[in-house]
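Note sheet for the following structure.
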Amino acid sequence: MRLARSFLLVTLTAVTCSQAPSRSGEVEAIYSDARALYLDLHQNPELSSHETQTAAKLAGRLRDLGYAVTEQVGGTGVVALLKNGAGPTVMLRTELDALPVEEKTGLPYASKVRAKDDSGRDVGVMHACGHDVHMASLFGTAAIMAHNKAAWHGTLILIGQPAEETISGAKRMIEDGLMTRFPKPDVALALHVGNQLAAGKVGLGPGHRFSNADSLRITIYGKGGHGSQPNSTIDPIVIAARTVIALQTIVSREVKPGEVAVVTIGYIQAGTKNNIIPDQAELGITVRSYKPEVRKQVLAAIARITKAEANAAGALREPKIEHYEATDAVYNDPALTQRLEGVLESTLGKENVVVEDPGMASEDFSFFTAQGIPSFYFSLGGADPDKFTEAKATGTNLPSNHSPLFAPDVDLALHTGIAAEVALLRNLLNGSADELRKSVPSGH
Ligand SMILES: [Zn+2]
Ligand SMILES: [Zn+2]
């Protein structure tokens, strides 16, 4: 039933698409292989930086298609090149990793995998972010691009990136020479599946898509002692509480109205027992922003307020502020987005291309584009269309990415992902590299 509907969708799409009347046949010809890879990956998920089998499966299949494949780039990363004459160089990226989530979808192909996480805890493992859809889509796209080299020219680079969920894989691939050992892309593409859109649709928009993200760990030093004698102590819990409240004024009082910033204190930890005043307290903070100047302003305000609150309480030592993770915003080149929006509309139908607002999530795809590569990142609808309509009607939300119940409508999403990626690549891998570079001058 589901397959029949997907087939119908792709057939109709092809009929309305004048340049490529054979597209439905192309997708159907490779679809069972792509679906088989999806099922295998879904049932055998691996945690971030441990994607050994996943990388080997993807690398092996791409090699069989004729790609020149390099493995172990920045850990378990995979780089697959297909050179097809002169022309632009275009990169398409998928992530490889799954999450420490125990699957509760009840699907016949649900993951039953358990593994030790990096701190030695036994955890369930699940492709709860849908990276298995991305890999299967990239593989289907790779097959079509390899089977029909008359429809494009240039160099196609497919990237299997490890450790996206820990925001470390893209950086490690670049540090391992991704931009120097391999041709540097003129344009980079990526997609992400999610239930905020019905399967069969894609979502996009120009400019910022995801925010800058900064992770801070702040240790506030007090002076511990007996709970009955606060006069002999400097209570770090009270300092931490005042700091938490004062930090709320950064977004509400310091950032210019209309600019985007988020300061969230995700945890506050101190103490062991009700009658002991502890020595120190720790705050875990996430900061989100779009503009570099707002990011700088917010980070400086956090440091200023944190130090001042400790000082006001007479703390003997300045708080320690550790900035342990930082990711840049994902930015869609506006000219590129406009061009590719037209491509997706003529491939999938205008009604299946939705303009979306930017989000405050973060993504380390920005490490690739920070190398001066204009990029286009789009959403792939994952929700079963009937469930999506029902959820809209009742005002409920379908399980989001990272939920143990995340279960995309695989057939429809995967058909759409492959059709979209192939259309985008064929549009970009056309003409000369110079023409492509000139058409996307921003190189954000
Ligand atoms: Zn995720
Ligand atoms: Zn993800």
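Which residues, counting only those in segment 252-270, are closer than 30 Å to residue 228 by Cβ and open to solvent by 50 Å² or more (accessible area, probe 1.4 Å)? The answer is 267, 268, 269.
Residue 126 passes every criterion in (1) more than 16 Å from ligand 2 (Cβ to nearest atom); (2) out of contact with any His (no Cβ under 6 Å at 6 or more places or on another chain); (3) open to solvent by less than 40 Å² (accessible area, probe 1.4 Å) apart from (1).
Of the residues 121, 181, 172, the single one that is open to solvent by 20 Å² or more (accessible area, probe 1.4 Å), of a type outside the set (A, V, I, L, M, F, W, C) and closer than 30 Å to residue 398 by Cβ is 121.
Each residue in segment 372-403 was checked for being over 30 Å from residue 184 (Cβ atoms), within 18 Å of the chain's Cα centre (by Cα) and open to solvent by 10 Å² or more (accessible area, probe 1.4 Å), and 5 of them qualify. Residues of segment 83-101 that are surrounded by 21 or more Cβ atoms within 10 Å (Cβ to Cβ), of a type in the set (A, V, I, L, M) and away from ligand 1 (no atom under 16 Å from the Cβ): 90, 91, 92.
Would you say residue 256 is closer than 24 Å to residue 315 by Cα and of a type in the set (D, E, K, R)?
Working: closer than 24 Å to residue 315 by Cα: no; of a type in the set (D, E, K, R): yes.
Taking the combined requirement at face value, the residue does not satisfy it.
You will find that of 243, 219, the residue that is of a type in the set (Ser, Thr, Tyr) and either touching a Lys or Arg at 6+ places or on another chain (Cβ under 6 Å) or open to solvent by 50 Å² or more (accessible area, probe 1.4 Å) (or both) is 219 and no other. The set of residues from segment 141-167 being open to solvent by less than 30 Å² (accessible area, probe 1.4 Å) and either among the polar types (S, T, N, Q) or more than 20 Å from the chain's Cα centre (by Cα) (or both) comprises 141, 142, 143, 144, 145, 146, 152, 154, 155, 156, 161.
Determine whether segment 133-149 contains at least one residue that is away from ligand 2 (no atom under 16 Å from the Cβ), touching a Pro at 6+ places or on another chain (Cβ under 9 Å) and of a type in the set (Ser, Thr, Tyr).
Of the residues in segment 133-149, the ones away from ligand 2 (no atom under 16 Å from the Cβ) are 139-149.
The next check asks that each one be touching a Pro at 6+ places or on another chain (Cβ under 9 Å); those that pass are none.
No; the residues of segment 133-149 include none that is away from ligand 2 (no atom under 16 Å from the Cβ), touching a Pro at 6+ places or on another chain (Cβ under 9 Å) and of a type in the set (Ser, Thr, Tyr).
Here's the yes/no breakdown for (1) under 27 Å from the mean Cα position of the chain (by Cα); (2) closer than 30 Å to residue 297 by Cβ:
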{"residue": "177", "(1), (2)": "yes, no"}
{"residue": "191", "(1), (2)": "yes, no"}
{"residue": "242", "(1), (2)": "no, yes"}
{"residue": "261", "(1), (2)": "yes, yes"}
{"residue": "270", "(1), (2)": "no, yes"}
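Among the residues of segment 30-79, those identified as assigned to a helix (DSSP H, G or I), in contact (Cβ under 8 Å) with a residue 24 or more places away in the chain and open to solvent by 20 Å² or more (accessible area, probe 1.4 Å) are 33, 35, 39, 43, 52, 61.
Does residue 67 qualify as being among the aromatic types (Phe, Trp, Tyr), farther than 30 Å from residue 437 by Cβ and away from ligand 1 (no atom under 16 Å from the Cβ)? Spell out the reasoning first.
Numbers: among the aromatic types (Phe, Trp, Tyr): yes; farther than 30 Å from residue 437 by Cβ: no; away from ligand 1 (no atom under 16 Å from the Cβ): yes.
Considered against the rule, which asks whether it is among the aromatic types (Phe, Trp, Tyr), farther than 30 Å from residue 437 by Cβ and away from ligand 1 (no atom under 16 Å from the Cβ), residue 67 comes out as no.
A residue that is more than 16 Å from ligand 2 (Cβ to nearest atom), farther than 24 Å from residue 37 by Cα, in a helix (DSSP H, G or I) and at pLDDT 95 or above cannot be found anywhere in segment 396-416.
The values are calculated or read from the model by the stated rules, or taken from the named source; none is laboratory data. Note that the coordinates shown come from a computational prediction; the quantities given were computed from them, not determined experimentally. As a convention, Cβ positions derive from the backbone with ideal geometry for all residues, glycine included, and neighbour counts pool all protein chains shown. SASA here: full protein model, heavy atoms, side chains in, ligands and nucleic acids out. Shrake-Rupley method; radii C 1.70, N 1.55, O 1.52, S 1.80 Å.
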